[in-house]
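Peer 1: One structure, pasted below without further comment.
Coordinate-derived values only; no laboratory data. Keep in mind the model is a prediction, meaning the values are calculated, not measured. Counting neighbours? That spans all protein chains shown, and the Cβs are built from the backbone with ideal geometry, glycine included.
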Amino acid sequence: MTQTPDPADAQAAASAPNETVDPRLLEVLICPVSRSALTYDRARGELISRQAGLAYPIRNGVPILLREEARDLDDTGTDPDASSSGPAPQPDPAPKTRASPR
């Protein structure tokens, strides 16, 4: 007897973030907005364009390179690949005192 696939399982598999994308495809794709290289974020299932500040989704192994489908990187306040947003601000040094004229 043949089992019919559960549509819920198929939908969950389609939206899984750890989908694989052909590495050869990743080598030739560029951001349609900035025309710059894209970085593959396997954990989120996205192609990242740092120059444009966008993250393009990958659905069913197919990159969706449409601006209206892309997520702004600052939507979540963080870039998943950035370790920090830069050096921490330094406190102002103590004000210099002027020597009084004698």
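Peer 1: Any chance you could get the radius of gyration and Dmax over the Cα atoms of region 15-75, in Å?
Peer 2: 10.4, 29
Peer 1: Below 8 Å, C-alpha to C-alpha, sequence gap of six or more: please give me the relative contact order for region 15-75 in percent.
Peer 2: Rounded, it is 28 percent for region 15-75.
Peer 1: Quote to one decimal, in nm, the extra length available between L66 and L25 on full extension: 0.36 nm per residue of separation minus the C-alpha distance between them.
Peer 2: Length gained, L66 through L25: 13.1 nm.
Peer 1: Starting with the highest mean, order 40-53, 60-73 by the number of other Cβ atoms within 10 Å, averaged over the residues of each peptide.
Peer 2: Ranking, from highest mean packing down: 40-53, 60-73.
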